[in-house]
Amino acid sequence: MKYKFDTDIAKSSILLIYTGGTIGMKMDSADQTLKPFDFSQILEEVPELGKFAYRIDSCTFESVIDSADIEPKSWQKMVELIEDKYDLYDGFVILHGTDTMAYSASALSFMIENLTKPIIFTGSQLPVGTARTDGKENLISSVEIAAAKDSAGHARVPEVCIYFGNSLMRGNRSQKVNSENFRAFRSENYPYLAEAGINIRYNDGSILKPSDWDRKPSFHTALDTRVSILKIHPGITPQVVRNILCGPETRAVILETYGAGNAPSRQWFLDLVKEGIAMGKIILNVTQCLAGSVNMDLYATGKKLEEAGVLSGYDSTTEGALAKLFYLMGTSEDNRFVTSELGRNLRGEITK
Ligand code: ASP
């Protein structure tokens, strides 16, 4: 990590963590593709940050990356860095590529328990050095949100969030829904935590608060990544389903089903689900729809999955379900424990 420290004494202190992504990319004239560049140039492009009376320090990942290259070890690095600096800052802003931002925000929401400070992920669709960039507003408002406190002096939003296109969303409820539009992220199953216009309007009733502000957070870096995602589609074959549901390398499978949690009712499919479960696999049902919840009691096709032992992912995003499984399986080898925790709302990721 490389650090740049500002020595000004100010009201709030923010740590900006740069991991890469379009916000800090530049066109490489050799091959005409966007590649990440040095963080100091981003700060030069956003002199407006100097207008805040906050102390803003920054640090950058040794090698900045396109977020398509994010791995669980990148999340571990982010969590270790935040743990190390937790007492020194009031909030954290992570600059990150948009492609996997929802995965990273989901992961950090589970990896840090009893969070008392904001961790705001943001990035942009256009590099910060371009005339029409969305990066400046995203970065400036993220810093303001990360620094915001209530009348008791507590963080206004002590959650892992994504701020993008004027909206603040719970990280584990967010999904990238548009590869071009400046409003690239949505949170369909949970209200926005804030909206930025002339003022930043906080939706205080929807923001999670810790039960004890004085309790130290717990930082968890053990992750078990033996998870596959099986998206159901018409024409899916027994060979494909068998490879994923009964493969030796998976401990859990996320079944992305139709609508309210429905899958084909053909016998071969149900037999393979049962075979996977008999092998000890955890199978979690998440809907392919952007909004709404799994309800396996609604249709006979869903009911058969439930009877076979498939677990409900409720209204979880796929990104949230993956992160929750990585985290829970990392904390325990006991599938009964993982199964029972999957049914609990741990970080506001499901509605129950
Ligand atoms: N490919 C880029 C990334 O995720 C896209 C972006 O940042 O918008 O790093």
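The values are calculated or read from the model by the stated rules, or taken from the named source; none is laboratory data. Just so you know, these numbers come straight off a predicted model, no measurement behind them. So basically every Cβ, Gly included, is an ideal-geometry build from the backbone, and we count neighbours across all protein chains shown. With ligands, DNA and RNA removed, areas are computed over all heavy atoms of the protein, side chains included. Shrake-Rupley method; radii C 1.70, N 1.55, O 1.52, S 1.80 Å.
Things worth noting here:
- Cα extents of segment 248-290 along the three principal axes, largest first (Å): 30, 22, 11
- Look at the Cα gyration tensor of segment 117-157: its axes a ≥ b ≥ c give a/c of at least 1.5 with a/b over b/c, and that counts as prolate.
- Computed over segment 173-248: relative contact order in percent, which uses C-alpha pairs under 8 Å that are six or more apart: 14
- Here the peptides 169-175, 114-120, 317-323 are ranked by packing, the mean other Cβ count within 10 Å, and the order with the highest first is 169-175, 317-323, 114-120.
- Residues in segment 216-256 that a label on E275 would reach, taking backbone N under 11 Å of a point 7 Å out along Cα→Cβ: 238-247
- Leading residue at positive end of dipole, the chain (Cβ point charges), from G20, A105, L346: L346
- Angle between the chain longest axis and helix 101-111 axis [Cα atoms, degrees, rounded to 10]: 80
- E333-V240 FRET efficiency (beta carbon distance; Förster radius 30 Å; 0.05 resolution): 0.60
- Fully extended contour minus Cα-Cα distance, from K85 to A222, at 0.36 nm per residue: 47.4 nm
- What you get for segment 45-196, charging only the Cβ of Lys and Arg (+1) and of Asp and Glu (-1), is a dipole of about 360 debye around the Cα centre.
- Three semi-axes describe the equivalent ellipsoid of the chain; taken as square roots of 5 times the Cα gyration tensor eigenvalues and ordered largest first, they are 37, 22, 18 Å.
- For the chain, a simple Cβ point-charge model (Lys and Arg +1, Asp and Glu -1, everything else neutral) yields a dipole of about 680 debye relative to the Cα centre.
- Cα-based shape type of segment 256-352, given that a ≥ b ≥ c are square roots of the gyration tensor eigenvalues and the cut on a/c is 1.5: oblate
- The accessible surface of the chain, taken with every protein chain in place and a 1.4 Å probe, is 49 percent carbon and sulfur.
- Debye intensity ratio I(q)/I(0), log10, segment 32-102, q values 0.11, 0.12, 0.14, 0.20 Å⁻¹ (C-alpha model): -0.33, -0.40, -0.54, -1.07
- Positive end of the dipole of segment 73-222 (Cβ unit charges, origin at the Cα centre): among V143, V177, F92, the Cα lying farthest that way belongs to V177.
- Residue of T22, T339, T33 that the Gaussian network model of the chain assigns the largest fluctuation, springs spanning Cα pairs under 10 Å: T33
- Packing, taken as the mean count of other beta carbons within 10 Å per residue, orders the peptides 149-157, 102-110 from highest to lowest as 102-110, 149-157.
- Contact order, relative form, for the chain: 14 percent (alpha carbon pairs under 8 Å, 6 or more residues apart, mean separation divided by residue count).
- Given charges at Cβ of Lys, Arg, Asp, Glu: the chain dipole, positive-most of L230, L322, T122: L230
- Among H220, H96, H233, the largest mean-square fluctuation in a Gaussian network model of the chain, built with springs joining Cα atoms closer than 10 Å, belongs to H233.
- Two-decimal Rg/Rh across segment 78-134, once Rg and the Kirkwood Rh are taken from alpha-carbon atoms: 1.04
- Distances between every pair of Cα atoms in segment 105-241, grouped in 5 Å steps from 0 to the bin holding the largest one, split as 2, 9, 16, 18, 17, 13, 10, 7, 4, 2, 1, 0 percent.
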